[in-house]
Amino acid sequence: MVVLREGMCPGLDADLLRDLRAADIKTVEDVVSSDIEELAQRCSVSYKALFAIRRVLLAQHAAFPVSGADLYEELLSSTAIISTGSPSLDKLLDSGVYTGEITELSGGPGSGKSQVCFSVAVHVSLHLKQSVIFIDTTGGLSASRLLQMLRAETSDTEEQMEALQRIHVFRLFNIFSLLDCLFTLRSGRLQQACVGGGSVKAVIVDSVSAVISPLLGGKQNEGMSLMIQVAGVLKTMAKDFNVAALVTNHVTRSESGGVKPGLGVSWSHIPRTRVLLERREGGADSSLRSATLIKSSRQPCHIKAEFDLQSWSRSKEGSSGKRKLEETDS
Amino acid sequence: MTESGAQLFARLEARRCLEDIETRLFPGDGGPEHGEVVELYGSEGTGKTELLYHLLSRCVLPLGAGGLEVDVVFVDTDYSLDMLRLVSILDSRLNAARSFSSSGSDEEVLGSCLSRLLVVHCSSSSQLLLTLHFLETTLSSRPGIALLLIDSISAFYWLDRSEGGTSISKQEEKLSKCAELLGRLLRDYRITVFATCHAIRRNYSGPSSFSSSSSSSSDIDRPYLCRPWKRLVTHRLLCSRQETTNMAAPAAGSSEQKSQQVFTVHCTSSSSSKTKSYRSSSFCVTDSGVEFI
Amino acid sequence: MQCSVSSLSLSPAVKSRLTAAGFSLLSELQGLPPSQICAEAGVSQQEALQVLQAVRGSPVRIAPPLTALQLLQEEQQQRSIISFCSQLDAALGGGLPVGKTTEICGAPGVGKTQLCLQLAVDVQVPVCFGGLGGQAVFVDTEGSFLLQRVQDFAGAAVKHCSLLVEDDEQRVAMTTFNVETILSNIFLVRCHDYVELLAELHLLPDFLSEHPRVRLLVIDSMAFPFRLHFDELSQRTRLLNGLAQQFIAMASSHHIAVVITNQMTTRLRGSQSQLVPALGESWGHAPTIRLLLQWAGTQRLAVIFKSPGHPGSTVEYQINSDGFRDAVQSEQPPSKRPRTHTIQSAAGQRDSNQSAPGPRHCS
Amino acid sequence: MSTRMLKRTGLSNELCEQLKRHQIESCKDLLSLTPLEVMHAACLSYQQAIELLQSVSKVIAPPVSTALELCKQQACFSTSLPALDKLLRGGLPHGTITEVTGPSGCGKTQICLMLSVLATLPKSEGGLDSGVIYIDTECAFSAERLVEIAQSRFPDYFNCRERVLHMAGRVLLCRELTCQDVLNRLDRIEEDIISSGAGLIILDSVASVVRKEFDTTLPGNLMHRSDLLGHEASTLKYLAHQFNIPVVLTNQITTHLGGQGSEDAGFVTAALGNTWSHSVNTRLILQYVDSHQRQILIAKSPVAPFAVLNYTIEKQGICIDGDDSQETLYEGTDPGLQPIRVQTGFTYNLTTPI
């Protein structure tokens, strides 16, 4: 809702505002929903003037319809696909993480969520020469690991340092600072934040569940509302700035013993693509992980791929050892 | 408000009825008529979005390709419209139809299909209300518009709940206003509304809830939005996913089985003119969209 | 979409009043005098002031973003706490990292507390010996803090350092590095239940500000107070998730290493039972590094189960009277019989073939 | 402490009333909430909610001391067995829980009786000069045996009847035969400790009542049992720490079903499961060697290495064979799984040398 203020639109002067207040019309919604004819009489202004005000207010505050054809054209020119650095994972995701939408990685502790995030960040900063916003809520970001991954890709120190400079890190540990940060980025700071480093191509939140899960439950609705706001700002940011939003989520165990992504039913509608990462059976220190696509609008669900965390620290030549299992196409 | 005779005509006569939009979905002759509201309800991964794209593409496709060739307004509150997916569905349908008749180049036909679609994004319930007011002019100027899609009507539920404070009526105020306005638009312009609604768990018992699945599923299927909206809904499509064996063990089974993820829709129609009727149908999702089985 | 009023860290009641009065975006509140907010939204003057403060800039100020390069430099400046077990240090990339949270899980008696005590001593090793010269806070929930052991460890550490003295700086450092000062630099808190633990954790940020030399916070153990019955399971999850964020915030803003110990619990999975770390699935995400101490026959193994910076690995260790040390094959106790070798290696192999801890039954 | 009412923490009356409307009355209620719930219940902003939580925390948070301060008040309770004392660095540490586990007839109750005698001895004789609270759940306490041990172990001190009677009078016996009774007793025991000047708490045995009442094969019982044991453990820990006294428990044995291959089909180990093993600070295992000879195993101790001592039960209680140099180290394992030898003479234990 928007409160009516003097000078919001031509013709809305102090006198009229006072009259409208007297008629219990305080917000734009009130003006728009009321019967203009009756209101004009009560406030003793002309119907025409009030109608014009209504039209201007609507044009200012309503969302504007766009033709699907235009939208498609725009989308074709702006959508980018960011590689995760792992061919099998890329294939699972239909060639990578798409810009303009939220992709979620969920998995138990040590399932490689952060590693995939690091790899995406490295890929964007090194190969695409674009910036990345990395919001770290778990203290899990290790710059030396990023460097290790970069070293596997290039031996040029200069390039490595430049790539590191294009990764912008926020360390935020509670919901309000996360929201504050996201809104600041959303209101245009996103593109300014990274001068000289190319435009931002990815916003990574690792992990979104760490700040949201303490909010849920208990006798209050506030937590849900904050969660939906985080989702909303991420979605609009992804869409309007055409960046890829990559978030990580924890898992909960259902009664049957299977795992499912955390944060409940309301969150489940939010990411457009969801991937579940799991450790492969076989030793606590194995680096093999399996990924299952559990939600996607491009690929059939429940296809699986396997990838090796070690491959990101090896040099390019050595990374051919990735295996794939049970990959299915239909 | 004044309107010209032509506008009045456009308003009342020219809109196409969507009764036959998908005969396999609605019971008997119970498709949605002018001024009726269809709610697609289900939790994540139950095929709501696919079904919506199916209905959407049926509307915007040209008559020659088995479509209805009507204009559609898509109100996207979840920022969930996946244009690429929609285009791939349209493409495959157009390709299938092209084997029978040839009309214009691919790009052109696709372009004209897409130009029948108007998309509008909303980010709060008050913006939704203002936008619906704003759309009134669009509706009256474009007689081709027969369908208004809202994906999803429940997007702002939690925001409204927390903004409304402790009073229930305050919490529901905005959506009630939207519903009332929609009711008027439906009467005045004789359009049809399709809206999706996400299943939620109201009595949220935490991330690791141990509530038994049987009791929570019935709780999950119950409508929860405000009364004015409930009164508006005439058809309710309850979407669910069939728990197939390859769901429980996705590793096992061949690719043949895996593409056969089956979704079920249970339709309850209760239009004012008719008595309540039901129909269940199943479909699976392929590259070219929904296929009924 | 601009910043909305409902995202502010204000009281829910105030927020709902603001939205009811038609304020939904921050920009609408900007520049309004407090009295006008009072009048329009029906809030008290005090509340109106809070609103304006929140609008101008939330009290939880966000630090400007760092680039990963700056972060790298920061990481390289921060030293790690060495554990005196060189294999473990190597696996962790130079010791226990400062600024991160580490969880140590394991069966009873496997050496969790011993490792914590060792770290509490090691964090005090003077800077000129490659240590941190810091202090430690030890939050004891199980009553497992044992002074005699700390004295032993401290004595061994002092002895070790005195053998390394080479220059004057180190000689000077040694004059103050003795058992007594080591003990006086370990702050001990004994918490009897989860409420006391929560209370203590609320106060710790202030304590850490007052004692800037603290580089290590030990919670031994997290599991004991939280394994008791909670009326609502989700309440426990919620509290634990909140605590996890508090730990991470403390670790990174005060530059301390946070070490949390956790017990193991038996999880039934169909007919099989398995030993897994306690406190549930979502707690597993709380620590940045998860270290699993376990028995393999008569060997003790430390497994790095999760760590963003290092690949998983397994090292063997032993605990002797001096503390937590590398396992040395030649120094095995004389009582050990040759025949146990076969059993041991078989057990070792079995454990490495299976995932994490092997299935075990407990009565 | 944690059940302290919010009214007595210096909060304003208004705030207390506001919180009371949400059934938040004690410090525990408030601190069990997340900041968001506090914001909701108390109508505060995030910052204020954090401040509120901190101010309440100040009231109930335990004090911080340094290890050096602790060092100056540290004490041990000598077991009068020099070999064991040496390994345990002076005896059973005050403020912690020691568990004695073993098959029946191996001498668990003997140890408890012996420790009771020791606790009553004057400090000059190596005792604690204090009372003993002896919670007996198996009706195994024998006053005659107590006197016998006292008189044969310390013939010089207990040479007159008054001293023996005085000793016996300082052992406060509580016979509690159900779980609920034990719990109730523990909840009320603080007063008894003060009035009797107790310096030692003995619970013989913790396992018998619990195992009698909870058939763990029934669903749900296992969880209920863990809750109960957890409650007992935390109460005992609290008492041990609060009064800085040792607490001694006895436990039974159970057959551990072999799950690790077929060759070890099962062995005997301490009862009450894995979680319970975490609760005790020191675990001593008693086991048979032959009909006469027995062993003490130190299976879990924060100070002692894994060690084995041979002993016999004599008229004067437990006697460690030979001099104090006979200690043997053994390769320890998970104390929750440490095999225990029983009287049949049939040994399952492969790793323990003699």
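No value in this document is a laboratory result; all are computed from the given coordinates. Here the structure is a predicted model, which is why all the values come from computation and not from measurement. Every residue, glycine among them, receives a Cβ derived from its backbone with ideal geometry; neighbour counts consider all protein chains shown.
Counting Lys and Arg as +1 and Asp and Glu as -1, what is the net charge of the other residues whose Cβ lies under 9 Å from the Cβ of residue A:101?
Values: positive: A:235, A:239, A:272; negative: B:82.
The answer is +2.
Tell me which trypsin sites (Lys or Arg not before Pro) from segment C:153-254 have a DSSP coil assignment and no more than 10 other beta carbons within 10 Å of their own. Please report the intermediate quantities before stating the final value.
On the way: sites: C:159, C:171, C:190, C:213, C:215, C:227, C:236, C:238; in loops: C:213, C:227.
In loop regions of segment C:153-254 (DSSP not H, G, I, E or B), there are no sparsely surrounded trypsin sites (Lys or Arg not before Pro).
Which cross-chain or sequence-distant (5 or more) residues have an amide H under 5 Å from the amide H of residue A:138, H modelled 1.01 Å from N in plane?
Amide H neighbours of residue A:138: A:207.
When only Cα pairs under 8 Å and 6 or more residues apart are kept, what is the percent relative contact order across chain A?
On the way: 529 pairs, mean separation 64.4, N = 330.
Relative contact order for chain A comes out at 20 percent.
What value does segment B:101-192 have for Rg/Rh, both radii from Cα atoms and Rh as Kirkwood defines it?
Numbers: Rg = 17.1 Å, Rh = 15.3 Å.
In segment B:101-192, Rg relative to Rh is 1.12.
So if R0 is 35 Å, what FRET efficiency would residue B:142 and residue A:42 give, r being the distance between their Cβ atoms, rounded to the nearest 0.05? Mind dumping the intermediate values first?
Numbers: r = 33 Å, r/R0 = 0.95.
After rounding, the FRET efficiency stands at 0.55.
Antiparallel DSSP bridges in segment C:70-348: what percent, to the nearest 5?
Details: 23 of 48 bridges.
Roughly 50 percent of the beta bridges in segment C:70-348 run antiparallel, per DSSP.
Taking the Cβ-Cβ separation of residue A:79 and residue B:288 as r and a Förster radius of 30 Å, what is the calculated FRET efficiency to the nearest 0.05?
Working: r = 21 Å, r/R0 = 0.70.
In this case the efficiency is close to 0.90.
Which of the residue pairs A:295/C:15; D:86/D:123; D:123/D:300; B:174/C:15; A:260/B:230; A:295/C:100 have a Cα-Cα distance greater than 25 Å in the structure shown? Don't skip to the end; give the middle numbers.
On the way: A:295/C:15 35 Å; D:86/D:123 19 Å; D:123/D:300 28 Å; B:174/C:15 16 Å; A:260/B:230 31 Å; A:295/C:100 33 Å.
Too far apart for the 25 Å limit: A:295/C:15; D:123/D:300; A:260/B:230; A:295/C:100.
Can you order the peptides A:223-229, C:183-189 by their average number of other Cβ atoms within 10 Å per residue, highest first?
On the way: A:223-229: 23.6, C:183-189: 21.7.
Listed from highest to lowest mean packing, they are A:223-229, C:183-189.
Can you return the aspartates and glutamates within cross-link range of residue D:315? Criterion is Cα-Cα under 15 Å, with same-chain partners fewer than 8 residues away left out.
D:144, D:148
If amide hydrogens are placed 1.01 Å from N in the peptide plane, which non-local residues have theirs closer than 5 Å to the one on residue C:265?
Counting only residues 5 or more places away or on other chains, the set is C:276, C:278.
Enter the angle in degrees (range 0 to 90, nearest 10) between the Cα long axis of helix A:143-153 and the first principal axis of the Cα atoms of chain A, meaning the one along which they spread out most.
60
Let's see if you can work this out: charge +1 on each Lys and Arg Cβ, -1 on each Asp and Glu Cβ, no other charges. What is the dipole magnitude of the protein assembly as shown about its Cα centre, in debye to the nearest 20? If you can, show how the numbers build up before the last one.
Values: 122 positive and 139 negative charges, 207 e Å.
Dipole magnitude for the protein assembly as shown comes out near 1000 debye.
Convert each backbone phi in segment A:210-220 into a coupling constant with the Karplus relation 6.51 cos²θ - 1.76 cosθ + 1.60 (shift: θ = phi - 60°), then list the ³J(HN,Hα) values in order as whole Hz, x for Gly and Pro.
Working through the residues one at a time gives 4, 8, 8, 4, x, 8, 7, x, x, 8, 7 Hz.
Using Cα-Cα distances under 8 Å and only pairs 6 or more residues apart, what relative contact order does chain C have, in percent?
Numbers: 560 pairs, mean separation 69.2, N = 363.
Here the relative contact order equals 19 percent.
Please report the antiparallel percentage of DSSP beta bridges with both residues in segment A:76-328, rounded to the nearest 5. Please report the intermediate quantities before stating the final value.
Details: 16 of 41 bridges.
The answer is about 40 percent antiparallel.
Give the shape of segment A:76-328 as rounded, prolate or oblate, defined through the alpha-carbon gyration tensor: a ≥ b ≥ c are the square roots of its eigenvalues, a/c under 1.5 means rounded, and otherwise the shape is prolate if a/b is larger than b/c and oblate if not. Don't skip to the end; give the middle numbers.
Values: a/c = 1.56, a/b = 1.07, b/c = 1.46.
Oblate.
Within straight cross-link reach of residue C:112, meaning Cα distance under 17 Å, which aspartates and glutamates are found once same-chain residues fewer than 8 apart are removed?
Qualifying aspartates and glutamates at Cα under 17 Å: C:89, C:103, C:122, C:140, C:142, C:152, C:220, C:316, C:322, C:326, D:334.
Report the FRET efficiency, 1/(1 + (r/R0)^6), for residue C:180 and residue C:35, where r is their Cβ-Cβ distance and R0 is 51 Å, rounded to 0.05.
On the way: r = 62 Å, r/R0 = 1.21.
For residue C:180 and residue C:35, the calculated efficiency is 0.25.
Looking at chain D, do any whole DSSP H helices span at least 18 angstrom along their long axis by alpha carbon and average 0.5 or above on Kyte-Doolittle, and which? List each step's numbers first, then the result.
Working: long enough: D:46-60 (22 Å, 0.40); D:108-120 (19 Å, 1.28); D:179-196 (24 Å, -0.41); D:221-243 (33 Å, -0.38).
Helices meeting the span and hydropathy rule in chain D are D:108-120.
What is the angle, in °, between the Cα long axis of helix C:68-77 and the longest principal axis of the Cα atoms in chain C? Nearest 10 is fine, range 0 to 90.
50
Within 10 Å of each candidate Cβ there may be at most 16 other Cβ atoms; applying that plus a DSSP loop requirement, which chymotrypsin sites (Phe, Trp or Tyr not before Pro) in segment C:229-301 survive?
Numbers: sites: C:230, C:247, C:283, C:295; in loops: C:230.
Those that pass, being in a loop and sparsely packed, are C:230.
Give the shape of segment A:76-124 as rounded, prolate or oblate, defined through the alpha-carbon gyration tensor: a ≥ b ≥ c are the square roots of its eigenvalues, a/c under 1.5 means rounded, and otherwise the shape is prolate if a/b is larger than b/c and oblate if not.
Cα axes put segment A:76-124 in the prolate bin.
Using Cα centres only, tell me the gap between segment D:81-158 and segment B:126-153 in whole Å.
Value for the Cα centre distance between the two parts: 86 Å.
Report Rg/Rh for chain D, rounded to two decimals, where Rg is the Cα radius of gyration and Rh the Kirkwood radius. Each step should come with its number before you reach the end.
Details: Rg = 23.5 Å, Rh = 22.6 Å.
With Rg and the Kirkwood Rh in hand, the quotient comes to 1.04.
What does the net charge come to around residue A:69 if you take all other residues with beta carbon closer than 11 Å to its beta carbon, with K and R at +1 and D and E at -1? Please list the in-between numbers first.
Numbers: positive: B:116; negative: A:70, A:73, A:74, B:107, B:108.
Charge balance in the 11 Å sphere: -4.
About the Cα centre of segment A:76-328, how large is the charge dipole given +1 on each Lys and Arg Cβ and -1 on each Asp and Glu Cβ? Please answer in debye to the nearest 20. Intermediate results must be reported in sequence, preceding the final value.
Working: 28 positive and 23 negative charges, 74 e Å.
Using Cβ point charges on Lys, Arg, Asp and Glu, segment A:76-328 gives about 360 debye.
How big is the antiparallel share of DSSP beta bridges in the protein assembly as shown, given as a percent to the nearest 5?
Numbers: 92 of 191 bridges.
If I count the DSSP bridges inside the protein assembly as shown, around 50 percent turn out antiparallel.
Please state the shape class of segment C:5-57: rounded when a/c is under 1.5, otherwise prolate if a/b exceeds b/c and oblate if not, all from the C-alpha gyration tensor.
Numbers: a/c = 1.18, a/b = 1.06, b/c = 1.12.
It is rounded, given that a/c, with a ≥ b ≥ c, falls under 1.5.
Among D:267, D:143, D:253, which residue has its Cα positioned farthest towards the positive end of the charge dipole of chain D, with +1 placed on the Cβ of Lys and Arg, -1 on the Cβ of Asp and Glu, and the dipole taken about the Cα centre?
Of D:267, D:143, D:253, it is D:143.
So how far, in whole Å, is the C-alpha centre of segment A:211-230 from the one of segment C:162-185?
Taking the Cα centre of segment C:162-185 as reference, the centre of segment A:211-230 is 51 Å away.
Which net charge results when you count Lys and Arg as +1 and Asp and Glu as -1 among the other residues whose beta-carbon is under 13 Å from that of residue C:129?
On the way: positive: C:79, C:159, C:171; negative: C:122, C:166, C:167, C:169.
Cβ neighbours under 13 Å give a net charge of -1.
What stretch of chain D, leaving out the sites themselves, is the longest with no trypsin sites (Lys or Arg not before Pro) in a DSSP loop having at most 14 other Cβ atoms within 10 Å?
Values: sites that count: D:21, D:72, D:315.
Answer from the scan: D:73-314.
Any chance you could run the full-extension gain for residue D:312 through residue D:129? It's 0.36 nm times the residue separation minus the Cα-Cα distance, nm to one decimal.
On the way: separation 183, 0.36 × 183 = 65.88 nm, distance 2.69 nm.
My answer for the length gained is 63.2 nm.
Expressed as cubic angstrom per residue, what is the convex hull volume of the alpha carbon set of the protein assembly as shown? If you can, show how the numbers build up before the last one.
On the way: hull volume 262.8 nm³, N = 1340.
About 196 Å³ per residue, rounded to a whole number.
Determine the shielding of peptide A:105-114 by partner chains: average, over its residues, the number of Cβ atoms on other chains within 10 angstrom of each Cβ.
Details: counts 0, 0, 1, 5, 12, 11, 3, 2, 2, 5.
Other-chain Cβ atoms within 10 Å of each residue's Cβ, averaged: 4.
Could you list the trypsin sites (Lys or Arg not before Pro) in segment C:1-104 that lie in coil according to DSSP, counting only those with at most 16 other Cβ atoms within 10 Å of their Cβ? Could the numbers behind the result be given before it?
Values: sites: C:15, C:17, C:56, C:61, C:79, C:100; in loops: C:61, C:79, C:100.
When the trypsin sites (Lys or Arg not before Pro) of segment C:1-104 are filtered for loop state and at most 16 Cβ neighbours within 10 Å, C:61 remain.
Could you tell me the ratio Rg/Rh of chain C? Both radii from Cα atoms, Rh via Kirkwood. Present the calculation step by step, with values, prior to reporting the outcome.
Values: Rg = 24.9 Å, Rh = 23.3 Å.
My calculation of the ratio gives 1.07.
In deg cm²/dmol, rounded to 500, what helix-only [θ] at 222 nm does the protein assembly as shown give when every DSSP H run of at least 4 residues adds -39500 (n - 2.57) and the total is split over its residues?
On the way: 51 runs with 529 residues, N = 1340.
Estimated from H runs of four or more residues: -11500 deg cm²/dmol.
For segment A:20-77 and segment C:3-75, write down the distance between their C-alpha centroids in whole Å.
About 28 Å separates the Cα centre of segment A:20-77 from the one of segment C:3-75.
For segment C:87-135, what relative contact order do you get, as a whole percent, if you take Cα pairs closer than 8 Å and at least 6 residues apart? Kindly include the intermediate steps, with their values, before the conclusion.
Details: 27 pairs, mean separation 8.3, N = 49.
Relative contact order, segment C:87-135: 17 percent.
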